[in-house]
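Below: one structure, written as structure tokens.
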Amino acid sequence: MTDSAPLAALVVAAGRGTRLGGPVPKQYRRVAGRPVLTHTLGHLLAPALFEQILVVIHPDDGTSFSEALAPLGAAGSAIRVCAGGASRQDSVRLGLEALAEAGLPDRAVVLIHDAARPFASEAVLLRAVLAAQRHGAAIPVLPVPDTLAVLDEAGHLAGNPDRNSIRLVQTPQAFRFGAVLAAHRQALAEGRTDFTDDAGLTAAYGQTVGSFAGDGALFKITREEDLDRAERHLAPQAETRTGLGYDVHAFTEGDHVWLGGVAIPHGRKLLGHSDADPLLHALTDALLGTIGDGDIGMHFPPSDPRWKGAPSRLFLADAARRVAERGGRIVSVDCTVLAEAPKVGPHRPAMQVLIGEVLGLAPERVGIKATTSEKLGFVGRSEGIAAMAIATVMFGGG
Ligand code: MG
């Protein structure tokens, strides 16, 4: 902050919202299960900028207002309320008078905001405060992306205003408190009701009004489709997570190895507590990695006699269940077997089908690859088989 003037927010919530239709004013319609006003106030409370937040409501809306305040818990108890008037201009003036009665000094900065613009970010609020401190009054504006047209009475094109000098105006509008209060009092004394907003009103009484960058998220809920837009604004975004797995098992006396859930005849077998399938163990760890839920040894300790000789697809199915319980949808998995022998290629289709069945994936989403180690290292000396796996899982996004 560039100066220490107190900060206040005045929220105009007294309208009837007639354009949206229905018996409930738009500021009390629900978005993500909560009234629009709850979202608006929550965004004003979040950055802890304002010493006072005052909401101007319609005298009939006391119950609706209490319901909107309830989800905010203790933070909401600091919000004060006053009754509005017959017009928006009246309601703002009554709110400003209530702030004056509460002792808000003239040098304070007050943000005047519409209840029906629920998503004021901290960045926008800070821009508003700084712009008011610099200019005395300021409005959030957006450029006009489309060409503008003036139509005559017949609806024919009569001209194109220069859109470079035109802006869309949003709220919160920000003012030095003394200036905006004086302007509203003067408008009342003169009986003037022709102002479209508080910036226009204060400008009419000589106040310079600056501007600052608005925000697309400050859209106003006016029509039914705006409620849908607000729902989408709050919907969790989809995210992709990736998990990694690696496993090794050593050879011992035997006549087959388990790889990818398939028993492959071989001159030796792999040593392990379960069926010792390094591919499924690596894959299980990869899935657990996408949810930060430990590793296979934590969930199925080798010390537990229940897992002696167990088929490793049980471990894989358990990891898939854990991912699903956390809302994850497995997109694909990919594995590489490191072994001098046996050959994996002839068994690849069977592995893809088996793993796909356990994970609910089409075979083309199950990558199975194999490589030798060029006689290098423990794999190259045929002392064991290693496997690596990676899993891709989507979360959220409906
Ligand atoms: Mg293992």
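No value in this document is a laboratory result; all are computed from the given coordinates. Bear in mind that the values here come from a model prediction, so they are computed numbers and not experimental data. As a convention, Cβ positions derive from the backbone with ideal geometry for all residues, glycine included, and neighbour counts pool all protein chains shown.
Per-residue ellipticity at 222 nm from helix content only, as computed over the chain with -39500 (n - 2.57) for each DSSP H run of at least four residues, stands at -9500 deg cm²/dmol. When the Cα atoms of the stretch 4-92 are aligned to their principal axes, the ranges along those axes come out at 42, 31, 19 Å in descending order. A cut-off under 15 angstrom between Cβ atoms defines the neighbours of D228, and their net charge, with Lys, Arg +1 and Asp, Glu -1, is +3.
The charge dipole of the chain, taken about its Cα centre with unit charges on the Cβ atoms of Lys, Arg (+1), Asp and Glu (-1) only, comes to about 200 debye.
Three principal axis extents of the stretch 7-234 based on alpha-carbon atoms, in descending order, are 55, 39, 34 Å. Among G260, G103, G214, the residue with the largest mean-square fluctuation in a Gaussian network model of the chain, with springs joining Cα atoms closer than 10 Å, is G103. From a point 7 Å beyond the Cα of T240 in the direction of its Cβ, which residues of the stretch 358-379 have a backbone N at a distance under 19 Å? Once the point is set 7 Å along Cα→Cβ of T240, 361-368 turn out to lie under 19 Å by backbone N, inside the stretch 358-379.
If you take all other residues with their beta carbon under 13 Å from the beta carbon of H256, and give Lys and Arg +1 and Asp and Glu -1, the sum is -2.
In terms of overall dimensions, the stretch 273-398 has a Cα radius of gyration and Dmax of 14.9, 49 angstrom.
Considering lysine pairs in the chain that are 8 or more places apart or on different chains, how many have Cα atoms under 26 Å apart?
Details: K26/K220; K269/K308; K269/K343; K269/K369; K269/K375; K343/K369; K343/K375.
Total qualifying Lys-Lys pairs in the chain comes to 7.
Structure remark: mean-square fluctuation, Gaussian network model of the chain, C-alpha springs under 10 Å; the largest value among A154, A203, A100 belongs to A154. The trypsin sites (Lys or Arg not before Pro) of the stretch 275-371 meeting both criteria, a DSSP state outside H, G, I, E and B (loop) and at most 14 other C-beta atoms within 10 angstrom of the site's C-beta, are K308, R326, K343. As an equivalent ellipsoid, the chain spans semi-axes of 67, 23, 19 angstrom, where each value is the square root of five times an eigenvalue of the C-alpha gyration tensor, largest first. Other residues within the sphere of radius under 9 Å centred on the Cβ of V144, judged by their own Cβ, net out at +1 (K and R +1, D and E -1).
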